[in-house]
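Heads up: the structure comes next, in structure tokens.
The values are calculated or read from the model by the stated rules, or taken from the named source; none is laboratory data. If you're wondering where the values come from, they're calculated on a predicted model, not measured in any experiment. Methodologically, a virtual Cβ is constructed for each residue, glycine included, from the backbone with ideal geometry; neighbour enumeration extends over all protein chains shown. The protein model used for the area step is the full one, side chains on, heavy atoms only, and it has no ligands, DNA or RNA in it. Shrake-Rupley method; radii C 1.70, N 1.55, O 1.52, S 1.80 Å.
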Amino acid sequence: MQLNRRNFTGGLTALAMSGFAQHSSLARRGAVMSHKGYGPLQADPNGLLDLPKGFSYRVISEFRGTMSDGNRVPDRADGMGCFAMPDGKIALVRNHELKATHFDDGPFGNAPSTPATYDHSNDGKPLVGGTTTLLLDEQTLAIEREHLSLVGTIRNCAGGTTPWGSWLSCEEDMTRAGDGVKRDHGWIFEVPAAHDGLVDPVPLKAMGRFNHEAAAVDPATGIVYLTEDRNDSLFYRFIPNVPGELAEGGQLQAMAFASDTIDNDSRNWGETTFQPGAWQFVRWIDVTDVESPKDDLRERGARDGAVKFARGEGIIFGDGELYFCCTNGGAAKEGQIMRYRTSRFEGQKEENAAPGLLQLFMESTDRRQYSYGDNLTIAPNGHLIVCEDQYSATVDNHLRGVTPRGEAYALARIRVQTEPAGACFSPDGRTMFVNLYSPTKTLAVSGPWSKAI
């Protein structure tokens, strides 16, 4: 198959990200600049989601609603991707971050298990983490079908779309067989968006067993970039043997700085060793024993010189560049956004002569402007949109816009005690879909997304 340079939603979003990449300046040092965004947020009379004037939302799916297959909408909706489908339809594939103990929050009720369940707990109950798929009319947003598409996994947190029309659903869990379950966990599973029903749950073991968060595919090369949600996480890439055929195996690698004289810690916790706005050339280290029964990929990689990141989470790919969140990075531990510019020889033997570049694009110093960024996407006007996921007794989570100059602003405020997750855009750029994590609500948000601000 041939991969062309576009991302999963088609040309509009790719062009927007390309504009973001071409016009972004160095992040200002030591602060997050603020921006007026789309204007002040208007209080939602329903107490769910405050938005700027000119924006509106509707709830299209929610916890315990009955799906087309007779199952219930599960709880803890997290990462999500949107896909163009034939005949004016679009598909959403939505993760559900459910643990082995969350059976009552899963899709089954009193229904029996299915042969396509990946794993069961020791008491025989199917594990209820996985994905659901929604088929919608792109114009009316009416749901035409909603069904369970992957089940039997644990804590499907984020993931990423592929240019060939599938969702990579990532387990953020390292449970071993015998620890209350029958099989090892910590894998990536592929879910074709067009599949009607449950997929055969095949773990992509060559892509590594670790505390997976998100994934992004470079459509020009088929290389998959992977984040890891740990305080001492690494940033990985997977070079497939056959682009577009991840089950055929490949090589997993971890990012390191090209120079041995640079501190390999990007977190800036003790002291600022990676300056906001700074660029560094990188190299990539082969990772071995990727099934990692000891859960030590990151430790082995760091000993070999791989860069440490502060809880790598959401990731988005554009034209030759990608951005990913480090949730609690920075001196204030309020979050960072990293920017990686690929080599023109990415993944090839000539790469060392023209290596890729990593930039600390943004580092927050004030939770009122940006706090604990998690999932992220790109809007049609070229701004990043980041889902906050604060870790405090009472949260005040927002959807934050981030301009190409690293200026943060409030795009929306979540009025209930949960996190936004899975933000993504319809192929025509008119609608942003986003989840409220728990209880599950999937929202369709309309507004002047293409407006330059």
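Within region 330-337, can one find any residue that is assigned to a strand (DSSP E or B), surrounded by 23 or more Cβ atoms within 10 Å (Cβ to Cβ) and out of contact with any Gly (no Cβ under 9 Å at 6 or more places or on another chain)? Within region 330-337 (the criterion being assigned to a strand (DSSP E or B), surrounded by 23 or more Cβ atoms within 10 Å (Cβ to Cβ) and out of contact with any Gly (no Cβ under 9 Å at 6 or more places or on another chain)), the answer is no, since none of the residues qualifies. If you go through region 244-266 and keep only what is closer than 19 Å to residue 189 by Cβ and open to solvent by 20 Å² or more (accessible area, probe 1.4 Å), you end up with 245, 247, 248, 250. Assess whether residue 198 counts as being hydrophobic (A, V, I, L, M, F, W, C), in a loop (DSSP other than H, G, I, E, B), open to solvent by less than 60 Å² (accessible area, probe 1.4 Å) and closer than 25 Å to residue 162 by Cα. Against the criterion (hydrophobic (A, V, I, L, M, F, W, C), in a loop (DSSP other than H, G, I, E, B), open to solvent by less than 60 Å² (accessible area, probe 1.4 Å) and closer than 25 Å to residue 162 by Cα), residue 198 qualifies. In region 261-299, the residue that is farthest from residue 322 (Cα to Cα) out of those that are out of contact with any Ser or Thr (no Cβ under 8 Å at 6 or more places or on another chain) and assigned to a helix (DSSP H, G or I) is 299.
Is it true that residue 191 is within 28 Å of residue 293 (Cα to Cα) and touching a Pro at 6+ places or on another chain (Cβ under 7 Å)? Against the criterion (within 28 Å of residue 293 (Cα to Cα) and touching a Pro at 6+ places or on another chain (Cβ under 7 Å)), residue 191 does not qualify. Checking region 155-166 against the condition returns a match, with at least one residue being surrounded by 20 or more Cβ atoms within 10 Å (Cβ to Cβ) and closer than 19 Å to residue 290 by Cα.
Results for (1) among the aliphatic types (A, V, I, L, M); (2) touching a Lys or Arg at 6+ places or on another chain (Cβ under 9 Å), shown as yes or no for each residue.
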site	(1), (2)
252	yes, yes
280	no, no
284	no, yes
291	no, yes
295	no, yes
299	no, no
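Checked against (1) free of Cβ contacts under 8 Å to residues at least 40 places away in the same chain; (2) closer than 20 Å to residue 315 by Cα, residue 406 meets all criteria but (1). I'd like to know if region 440-452 contains one or more residues that are within 25 Å of residue 87 (Cα to Cα), open to solvent by 10 Å² or more (accessible area, probe 1.4 Å) and assigned to a strand (DSSP E or B). Checked region 440-452: at least one residue is within 25 Å of residue 87 (Cα to Cα), open to solvent by 10 Å² or more (accessible area, probe 1.4 Å) and assigned to a strand (DSSP E or B).
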